[in-house]
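A quick write-up on the structure given underneath.
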Amino acid sequence: MIECNEEQVSRLADTEKAILYLYTPFCGTCQLAKKMMTVVEAMLPAIEINMANLNYLPKQASVWEIESVPCLLIFENGRIISKTYAFHSVEHLYQILKKHAA
């Protein structure tokens, strides 16, 4: 996964297709979710997963109406088309990302 700063996240959100994993460093659930995302990334090598610390993105958190972390956002043409908070399992995440990988 690629760690992004605020400027990179802003550019990323405006691209044709992008995947962004939002977390906070002291969130235990986020640490588990990151491990799950790493496994899914290995299963889907054609996709690029970006990640960002939500603590450094207060403006985006408000605009995107982020309710909690971990959060997985999928963008298409500058719009959020999918927002996932419940990281049930690796298989669940795999199915979400596989659908958007094409």
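The values are calculated or read from the model by the stated rules, or taken from the named source; none is laboratory data. Remember, it's a predicted structure, so these values are computed and weren't measured experimentally. With ideal geometry, Cβ positions are generated from the backbone for all residues, glycine too; neighbour counts draw on all protein chains shown. Areas reflect the complete protein model, heavy atoms only, side chains present, ligands, DNA and RNA absent. Shrake-Rupley method; radii C 1.70, N 1.55, O 1.52, S 1.80 Å.
Here are some notes:
- J(HN,Hα) series, segment 54-60, from Karplus relation 6.51 cos²θ - 1.76 cosθ + 1.60, nearest Hz, glycine and proline x: 5, 4, 9, 10, x, 5, 5
- Å² of accessible area per residue within the chain, as computed with a 1.4 Å probe and no ligands counted: 57
- Within the accessible area of the chain (1.4 Å probe), percent carbon and sulfur: 53
- Entry for Rg and Dmax of the Cα atoms in Å (calculated from the structure that is shown) out of (i) 12.3, 33; (ii) 15.5, 42; (iii) 14.0, 43: (i)
- Each Lys or Arg adds one and each Asp or Glu takes one away; over the other residues whose Cβ falls under 12 Å from the Cβ of HIS92, this sums to +1.
- Scanning the chain for DSSP H helices at least 20 Å long along the axis (C-alpha atoms) with a Kyte-Doolittle mean no lower than -1.0 picks out 28-43.
- Those Cys residues of the chain for which no other cysteine Cβ falls under 4.7 Å: CYS4, CYS71
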